[in-house]
1. Test each condition in (1) surrounded by fewer than 23 Cβ atoms within 10 Å (Cβ to Cβ); (2) at negative phi for residue 291 and report the one that comes out false.
2. Of the residues 27, 67, 60, which is crowded, with 24+ Cβ neighbours inside 10 Å and modelled with pLDDT of 90 or more?
3. Do we have any residue at all in segment 494-505 that's in contact with a strand residue (DSSP E or B) (Cβ under 8 Å, 6 or more places away or on another chain), farther than 17 Å from residue 426 by Cβ, surrounded by fewer than 22 Cβ atoms within 10 Å (Cβ to Cβ) and at pLDDT 95 or above?
4. Applying the selection to segment 16-40, what residues are touching a residue at least 40 places away in the same chain (Cβ under 8 Å), under 22 Å from residue 156 (Cα atoms) and assigned to a loop (DSSP other than H, G, I, E, B)?
5. Being surrounded by fewer than 22 Cβ atoms within 10 Å (Cβ to Cβ) and at pLDDT 95 or above is true for just one of 465, 491. Which residue is that?
6. Against the definition (surrounded by fewer than 21 Cβ atoms within 10 Å (Cβ to Cβ) and in contact (Cβ under 8 Å) with a residue 60 or more places away in the chain), how does residue 476 come out, yes or no?
7. How about segment 102-132: which of its residues are in a strand (DSSP E or B) and within 18 Å of residue 45 (Cα to Cα)?
8. Is it the case that some residue within segment 277-288 is surrounded by 14 or more Cβ atoms within 10 Å (Cβ to Cβ), in contact with a helix residue (DSSP H, G or I) (Cβ under 7 Å, 6 or more places away or on another chain) and outside any helix (DSSP H, G or I)?
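The values are calculated or read from the model by the stated rules, or taken from the named source; none is laboratory data. Since the structure is predicted, the reported quantities are computational estimates derived from the model, not experimental observations. Cβ placement follows ideal geometry from the backbone for every residue including glycine, while neighbour counts extend to all protein chains displayed.
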């Protein structure tokens, strides 16, 4: 195979793309949020596609396959599945059926419009749908070092399932069992997080951290009224009482309020009560019970010793530790973008290994630094643009180590950006973990987030056992370990655990050398590591965004490659002007307002087909749709969509690249 495979996740949140070359290697994998600067962006990832095509010299005709981690035909089955569920378990009138159907059809609308657009801009490519959980499974199995492995994918939902048990063997993936929608551990954890006031998409990570401050006092209530778990069988089901009778949302938060006799939503998430912490501890305990029992079931089904763990729930590093220690597997691999942010990559890998002639399941070596990268010319141009001194260090690792030991808070940016939500040393804020107050300084001066949320230590692999009770590598910060000493108090959570990142020199040479030089000064081969962003924003991607954070926050310096910018280099009187000049988030809200009228003019109200409009205009409509905009009468019946997909293209194509 000589062409490229493009994976595109454009339905729902965390839209993203991945480009594989002819050898199955990742040329670029990036989430749209990194470019449009909207956390968990649901926009069609055109900016990411442009980044891949223009930045890497790929032409539209170079794309042989477009892989989509969404099988729209199964969504028709999902609608029927939900109807059957409500018919069996709920009092559900015709009005509620119509609302449910309308809610589910919006995803089919997104798919059909988006796939039509992709076919037009990549006319020689074959579009292939990949089931959502198979995409997750592929993202883990094909990135793992394992030839054969059991695969466990646990997410909020796929098309008709929420959890998948499978195997990867001889380079192919097979699904063994699944848990049907709406029985979803991922959704339950999300909605409990939202009920607490921590948010739905961002909330689960916060809930996991908050759980350490509480006790699972309400476990009996959860297991009786909310979720039924059979740990011996490795099965679970959501109690029908909490399923909403009028989705969206899928789960009825009001039921939780009635059950516990209070609405606990925190107005100020920095000021939690014992009740909040105990609820968090309870849902965390439930998650651990379910995931461990599923892992044991999978072990019995496959008899395998290696496990690939994926899906959004696999970001729960506390549960991951329990799975490793209690699930029955000797080795475990968790891909850093195990959530939907890595599903475009998973779909691309699945298509590459299942639809291309590759012999005996050959895998390309995986590394997580496959996001945007910028050369010295871009860094220098940015520095000059904002009248900042061009200061290049011969030994930037040594200089940074010295300043960190002095108590500086430094942003460290190198090479390609990380794939996934965790900073792994290429877009990181680093600090001295021996100074307990550094955690509070970063929260207060830079991250602007709750004081109780922990930070991660990054430790040289060969010294990890001296600091943490963890006998497995954790290169992607997806395992917790008990602290074995009190030398790094800034990295310790309230329960004396830490979310550990281990690093070998082969994985990240510059980060490894920096920690080694810091160890020579401090005697500690560990640094405090957190994502380089200001609270509520995606990780930094570009030099522009990095220097913007320096202007706005409490960092002492930004290191990009061999270049250093100090806080003192910035003239306070120019900060506001500089911030306005720096490229930030595209004005999508204004974009939607401007285009709604244009779209409405293109699409007559009576619902005629959109013949004569070009692919770009159709893309504008997709993003209006995903932003909640409505154009009355626009292609309401699914057979019209299918008819549109089946006809030859009549429109002028806009080729990217």
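1. (1)
2. Exactly one residue qualifies, and that residue is 67.
3. Among the residues of segment 494-505, at least one is in contact with a strand residue (DSSP E or B) (Cβ under 8 Å, 6 or more places away or on another chain), farther than 17 Å from residue 426 by Cβ, surrounded by fewer than 22 Cβ atoms within 10 Å (Cβ to Cβ) and at pLDDT 95 or above, which makes the answer yes.
4. Of everything in segment 16-40, those that are touching a residue at least 40 places away in the same chain (Cβ under 8 Å), under 22 Å from residue 156 (Cα atoms) and assigned to a loop (DSSP other than H, G, I, E, B) turn out to be 38, 39, 40.
5. That would be 465, the only listed residue that is surrounded by fewer than 22 Cβ atoms within 10 Å (Cβ to Cβ) and at pLDDT 95 or above.
6. It is false that residue 476 is surrounded by fewer than 21 Cβ atoms within 10 Å (Cβ to Cβ) and in contact (Cβ under 8 Å) with a residue 60 or more places away in the chain.
7. Across segment 102-132, the qualifying residues are 127, 128, 129.
8. Checked segment 277-288: no residue is surrounded by 14 or more Cβ atoms within 10 Å (Cβ to Cβ), in contact with a helix residue (DSSP H, G or I) (Cβ under 7 Å, 6 or more places away or on another chain) and outside any helix (DSSP H, G or I).
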